[in-house]
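Single-structure report; data block below.
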Amino acid sequence: MTDNGVRVVVCGEVLCDLFAPRAGIPLADATRLIPRLGGAPANVAVQLARLGLGVALVTGVGPDPFGERVQRALAEEGVDLRAVRTITGRRTGATLVEVDADGERRFFGFREASADLALAVADVDRPDVRGLLRRVDIVHSGTVSLRTDNARDATRFLQQTGRQHGAMISVDVNLRPGMYPDRALMLERADGAVGAADILKATREEAALVLGRRASTRLATLAEGLLARGPLLVMLTDGDQPMLVATRHHVIERPALTVRVVDATGAGDAFCGAALAALLAAGVTARTLGDVDAAILGRVIDAGRRAGAAAVTRMGATTAMIRRLPRSATPTTKTKPKMKTKTKTKTKTTHAGGSHR
């Protein structure tokens, strides 16, 4: 742990998500809108903070009411804000989120000229940020911040500096085709992000897109393809279908948990945050990540799926995020022997709800 208690640095967008008062109300019919924290990296930061991890967010906000609101909400969650920059002439990103009666969403983004995309190396190559990175355990980011050259360079700086100090690099593929001028650029940036990652989180659709495979491709096959591109640990989710965590030595697959889905926003971010927390709870480091045993992977996927399932039970990405790891994700005093052969754990039981964004 670092002297200042920060174990994870998260880089990327924080947004103000605006919802109708309840699911099933079209935004066009809403007489008022409810503001909530949003932005995938910020959501991951909140889940980590809820689980007691010291976490700092590196992002940009505008000098506007949304910027004040999201910073206040993050501070209340315990997220370290020393690396949040207020950028003059830019605005805090916002997204209208329409949730239907089944919990599925449509997003209407207001992201042009947003402050997070204006973040540059000069904003992160500073003594306070370097201090955070000196002995941090994980540097996590998404791919939306790779859209602009300056934000991509800032993200790379954080990753490279963190790695120099022994941090694991975590990436959520989190593709948003509508945010890129063309598909080719999006896939180029995503491919670079995959290659930079030690820990990679993606949905089935994102993995298939990055690999040029069909969406029906088996999760284990997609994970194998992603591992071949550089990551040491891959986490794949598929809505209310089974999910998977894999290294080159072990593959663990679990069903999603049965829950009533109110709003699916942020479930994948909750999964990611809880899975990272479980890795750190198990004492995993950059040196041991590629050799974690099946027992640890089981705890990681159990933490992720429980967090993802909880997140969908209320409106808003962070509203229902869990505040403690499930008991099965907490290490015991007993140690299990390392498994030498590839192991796959499955169940035939099917469940609804679970980890998706």
* Using DSSP, restrict attention to beta bridges with both residues in region 8-345 and report what percent are antiparallel, rounded to the nearest 5. => 40
* With charges only on Cβ, +1 for K and R and -1 for D and E, what is the dipole size of region 89-221 about its Cα centre, in debye, rounded to 20? -> 240
* Asked: For region 25-111, rounded, prolate or oblate, judged on the Cα gyration tensor with a ≥ b ≥ c (square roots of eigenvalues), a/c < 1.5 rounded, else prolate if a/b > b/c?
  -> oblate
* Structure fact -> Ordered by fewest other Cβ atoms within 10 Å, a rough proxy for footprinting exposure, Leu227, Leu158, Leu18 read Leu227, Leu18, Leu158
* In what sequence do Glu206, Glu112, Glu13 fall when counting other Cβ within 10 Å, fewest first? -> Glu112, Glu206, Glu13
* Using amide H atoms built 1.01 Å from N in the peptide plane, name the residues 5+ places from Met243, or on other chains, whose amide H lies under 5 Å from its own. => Arg254, Ala256
* Structure fact -> When Cys16, Cys272 are ranked with the fewest other C-beta atoms within 10 Å first, the list becomes Cys16, Cys272
* Histogram of C-alpha separations across region 97-212, 10 Å bin width, % -> 13, 39, 33, 13, 2
* Structure fact -> Residue-normalised 222 nm signal for the chain, counting each DSSP H run of n ≥ 4 as -39,500 (n - 2.57), nearest 500 deg cm²/dmol, is -10000 deg cm²/dmol
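Using DSSP to define loop residues, name the trypsin sites (Lys or Arg not before Pro) in region 48-129 whose beta-carbon has at most 15 other beta-carbon atoms within 10 Å. Walk me through the numbers on the way to the answer.
Numbers: sites: Arg50, Arg69, Arg72, Arg82, Arg85, Arg90, Arg91, Arg105, Arg106, Arg111; in loops: Arg82, Arg90, Arg111.
Taking region 48-129 and a limit of 15 other Cβ atoms within 10 Å, the loop trypsin sites (Lys or Arg not before Pro) found are Arg82.
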* Around His140, which amide H atoms from residues at least 5 apart in sequence, or from another chain, sit under 5 Å from its own amide H, with H modelled in the peptide plane? -> Val9, Val10, Cys11, Ser170
* Structure fact -> In order over region 283-289: 3J(HN,Hα) from phi, Karplus 6.51/-1.76/1.60, θ = phi - 60°, whole Hz, x for each Gly or Pro, gives x, 6, 10, 4, 6, 9, 4
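For the chain, give the magnitude of the charge dipole about the Cα centre (Cβ charges: +1 Lys/Arg, -1 Asp/Glu; no others), in debye to the nearest 20. Walk me through the intermediate numbers first.
On the way: 51 positive and 37 negative charges, 263 e Å.
Rounded to the nearest 20 debye, it is 1260 debye.
Among 124-130, 52-58, how do they line up from the highest to the lowest mean number of other beta-carbon atoms within 10 Å?
Taking the mean over residues of other Cβ atoms within 10 Å, the ranking is 52-58, 124-130.
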* **Isotropically averaged projected area of region 257-314, using the convex hull of Cα atoms (one quarter of hull area), nm²** => 4.0
* Structure fact -> Within region 164-214, DSSP-loop trypsin sites (Lys or Arg not before Pro) with at most 12 other C-beta atoms within 10 Å are Arg214
* To do: Can you tell me the relative contact order of the chain? Whole percent, Cα pairs under 8 Å, sequence separation 6 or more.
  => 17
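Rule-based calculations on the coordinates, nothing more; no lab input. Since we're looking at a predicted model, the values are computed, not measured. Every residue, glycine as well, gets a Cβ built from its backbone with ideal geometry; the counts of neighbours run over all protein chains shown.
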